[in-house]
Amino acid sequence: MMSKNALVTIAVVGVIAIAGIWFLKGSSQTAPQPAYQQIPQVTTQDSASPSATAVKNIVTITSSGFMPQSITVKAGETVTWINQDSVSHTVNSVVHPTHLVYPPLNLGNLKPGEEQSLSFPEAGAYKYHAHLNPSLTGSVTVE
């Protein structure tokens, strides 16, 4: 016959084994994940958001010129010119020096860090240049 100590030891080991199995089985189940509501992202295709369009159609101005030099947008979209140079630049419609081909494109002087935007409601080709440096040219094609 087994001693009393041996029976107690077997019982304790059994209880520990059962508790261990129960604990491991419970922790292997995946905890419920919180339900997150997906926040809609503003895309550049969202024509209802003017800021999305402005972000999409950016022309930077540097000492090297307009980047990109040519940009294509859809009718109704906006183009934003940002002066990233350390000196002022201008954005003016052709023909130099009168700038009369498309007067709304005469955005004037942009100081370093400044930006100016223009919406293009109708299809067409709109050429521009920097008045103070007419060799710096660009164009907006509106489809």
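Read-outs throughout are calculated quantities, based only on the coordinates presented, and are distinct from any laboratory measurement. Note that this is a predicted model, so its numbers are computed, not measured. Cβ placement follows ideal geometry from the backbone for every residue including glycine, while neighbour counts extend to all protein chains displayed.
Note on residue 87 and residue 122: with the Förster distance fixed at 41 Å, the Cβ-Cβ geometry gives a FRET efficiency of about 0.80. Here the extension length gained between residue 74 and residue 5 equals 16.0 nm, from 0.36 nm per residue of separation less the Cα-Cα distance. May I ask you to compute the full-extension gain from residue 100 to residue 67, defined as 0.36 nm times their residue separation minus their alpha-carbon distance, rounded to one decimal in nm? Working it through step by step, the gained length comes to 9.5 nm. Equivalent-ellipsoid semi-axes for region 61-129 (Cα gyration tensor, √(5λ), whole Å, largest first): 19, 14, 11.
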